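Engineer: The structure follows.
The values are calculated or read from the model by the stated rules, or taken from the named source; none is laboratory data. Treat the numbers as computed from the prediction; the structure is a model and nothing was measured. Glycine also receives a Cβ, built like all others from the backbone with ideal geometry; neighbour counts cover every protein chain displayed. Just so you know, the surface numbers come from the protein's heavy atoms only, side chains and all, with ligands and any DNA or RNA stripped out. Shrake-Rupley method; radii C 1.70, N 1.55, O 1.52, S 1.80 Å.
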Amino acid sequence: MSEIVVTGLGCISAAGHDVSTFEQMLFSVPAGSAIGPADGFKASDGRNVVAAQVKDYVPEQYFNKAELKLLDRYAQFALISAEQAIKDASLNLLTCNLKRVSVVHGTSIGGQETIEASYSQLFEYGKSRTHPFTVPKLLPSSAASHIAMKYGIKGPTFTTSSACASAGHAISMAVLMLRCNLIDIAVVGGSEACLTQGNFFAWEGLRVISNDNCRPFSADRSGLVLGEGAATLVLERADYAKQRGAKIHAKLSGIGMSSDAHNIVQPLAEGAEDAMNAALLDANLAANTIDYVNAHGSGTVINDQTETKAIQSVFECSSKQPFVSSTKSIHGHVLGAGAALEAIASILAIKHQKIPATVNYKQADPLCDLNLVINQMLITPVKKVMSNSFAFGGLNSTLIFEKI
């Protein structure tokens, strides 16, 4: 079976507008976080909202007026991260068979800003119709389409939408297409821009939002912190990448997917465990070879406890317990883009032989008894990393990356 490698990385998030800035934030000393007061909206009780917002973002620096008429904020982020990744991969798409290049980009919600702006026009301002480009802007598939149109990509192009596992499923689908020789190159990832008044109210109704900060696995954790941004990876078969002389960031050796088949909002440890074991089996690796688990670690009481049980079960008989951290404490919960952004964090851990910390951690939780890296990054050998993404509805994705 052909090895799959990562040759390009790109991202924009609250933790930085590019991979270099994101890297600095991940491994800063002292440890940092991009979470803070959000601009533009408030909680239902009038208090300031805490979020991981992309600051100092000026769309006009990236797109002209005609382009912006067609691009929701989430699609803008997707295009920015894709351009970075393609440039990082040194891809000259003019020399490629564009029918054998794929775009798979995930999102949980899609064009949320467009949806809310349209509702406002109709129901607040009494308009009889919305902007003529409303539908193409709000479509969850619009980001993938715009990436394909910009670069003339004519291979399989589609969107995965499986809540917080969306980008993980996007990456996994691309791996499968590469392995079966359906394509040569995949531009994969996820994007989300749902920091809007209406969406925040909806999440607030679930009683899972933190009102102060994100503290995964800490006994005093108070919930997740919504974030926004996008991340893109370029994937290729190893032989194809080597033939064109590409630099290789890491090998993507294992993918695992599962369904809890349990509850629309309550997670099940068995489902998460199944995804992790599937990824290990796919990579032909024993659990004791994993050095670091980039946990889903959302910061809610139930999710962190459930993931802890799953990790403990997978590594129960392992001679070595992996280090564990959640980078959501740094860049927030980017929902459908989270798996791609955390994949980049995992690859950077391999590249720099450093494990990013779970920041804001204050107090040990006996029900989250893991080998946690807390508050400061850890310098240690990192050859193999497992990255988890678990979603509402029990939709689970696990990826395994290896040092080349």
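Engineer: On average, how much accessible surface per residue is there in segment 41-190, in Å², for a 1.4 Å probe, leaving out ligands, DNA and RNA? List each step's numbers first, then the result.
Structural biologist: On the way: 6930 Å² over 150 residues.
So segment 41-190 comes to 46 Å² accessible per residue, rounded to a whole number.
Engineer: Given springs between every Cα pair under 10 Å in a Gaussian network model of the chain, which of PHE158, PHE22, PHE217 has the largest fluctuation?
Structural biologist: Looking only at PHE158, PHE22, PHE217, the largest GNM fluctuation is found for PHE158.
Engineer: Considering only protein heavy atoms and a probe of 1.4 Å, how much of the accessible area of the chain is carbon and sulfur, as a whole percent? Numbers along the way, then the final one.
Structural biologist: Details: 8420 of 15770 Å².
In the chain, the share of accessible area belonging to carbon and sulfur is 53 percent.
Engineer: In addition: Tabulate in residue order the Karplus-calculated ³J(HN,Hα) for segment 51-65, using 6.51 cos²θ - 1.76 cosθ + 1.60 with θ = phi - 60°, rounded to whole Hz; enter x for Gly and Pro.
Structural biologist: Using θ = phi - 60°, the values come out as 7, 10, 9, 6, 8, 6, 8, 10, x, 5, 6, 10, 9, 7, 4 Hz.
Engineer: Here are some values of Rg and Dmax of the Cα atoms in Å: (i) 21.4, 79; (ii) 19.8, 66; (iii) 25.9, 88. Which one was computed from this structure?
Structural biologist: Working out Rg and Dmax of the Cα atoms in Å from the coordinates points to (ii).
Engineer: Here's another thing I want to ask about it. Give the residue list of trypsin sites (Lys or Arg not before Pro) in segment 66-126 that are DSSP loop and have at most 15 other beta-carbon atoms within 10 angstrom.
Structural biologist: On the way: sites: LYS69, ARG73, LYS87, LYS99, ARG100; in loops: LYS69.
Listed in order of number, the matching sites are LYS69.
Engineer: Can I ask one more? Considering only the other residues whose Cβ falls under 14 Å of the Cβ of SER210, what net charge follows from Lys and Arg at +1 and Asp and Glu at -1? Before the final figure, lay out each step's value.
Structural biologist: Details: positive: ARG47, ARG207, ARG215, ARG221, LYS328, LYS362; negative: GLU204, ASP212, ASP220, ASP304.
That sum, taken over residues with Cβ under 14 Å, equals +2.
Engineer: Starting from the residue with the highest accessible area, list LYS362, LYS351, LYS328 in decreasing order, probe 1.4 Å.
Structural biologist: On the way: LYS362 145, LYS351 120, LYS328 5 Å².
Per-residue accessible area, sorted high to low, gives LYS362, LYS351, LYS328.
Engineer: Looking at segment 295-364, which GluC sites (Glu not before Pro) are in a loop (DSSP not H, G, I, E or B) and have at most 14 other Cβ atoms within 10 Å?
Structural biologist: On the way: sites: GLU307, GLU316, GLU342; in loops: GLU316.
Within segment 295-364, the qualifying GluC sites (Glu not before Pro) (loop, at most 14 other Cβ atoms within 10 Å) are GLU316.
Engineer: Another one. Take the cross-link list LYS362/LYS403; LYS87/LYS328; LYS87/LYS137; LYS154/LYS403; LYS247/LYS383; LYS351/LYS384 and give me the ones stretching past 21 Å between alpha-carbons.
Structural biologist: Working: LYS362/LYS403 32 Å; LYS87/LYS328 26 Å; LYS87/LYS137 25 Å; LYS154/LYS403 31 Å; LYS247/LYS383 18 Å; LYS351/LYS384 11 Å.
In this structure, LYS362/LYS403; LYS87/LYS328; LYS87/LYS137; LYS154/LYS403 lie more than 21 Å apart at Cα.
Engineer: Which of the aspartates and glutamates could a cross-linker span from LYS242 if the Cα-Cα distance has to be under 20 Å and same-chain partners fewer than 8 positions apart are dropped?
Structural biologist: Answer for LYS242, where 20 Å is the Cα cut-off: GLU3, ASP88, ASP184, GLU402, listed by chain and number.
Engineer: Ordering ASP282, ASP260 by accessible area with a probe of 1.4 Å, largest first, what comes out? Let's see the in-between values first.
Structural biologist: Working: ASP282 45, ASP260 15 Å².
Ranking ASP282, ASP260 by accessible area, largest first, yields ASP282, ASP260.
Engineer: Which order do you get for LEU94, LEU26 if you rank them by accessible area with a 1.4 Å probe, largest at the top?
Structural biologist: Working: LEU94 165, LEU26 5 Å².
From most accessible down to least: LEU94, LEU26.
Engineer: Once amide H atoms are built 1.01 Å from N in the peptide plane, which residues 5 or more positions from GLY299, or in another chain, come under 5 Å H to H?
Structural biologist: PHE217, ASP304
Engineer: Skip the ligands, DNA and RNA, and give the accessible area per residue of segment 242-299 with a 1.4 Å probe, whole Å². Show your work: numbers first, answer last.
Structural biologist: On the way: 2480 Å² over 58 residues.
Accessible surface, normalised per residue, equals 43 Å².
Engineer: Between GLU316 and LYS150, what is the FRET efficiency for a Förster distance of 41 Å, r being their Cβ-Cβ separation, to the nearest 0.05?
Structural biologist: Working: r = 47 Å, r/R0 = 1.15.
Once the sixth-power term is evaluated, E becomes 0.30.
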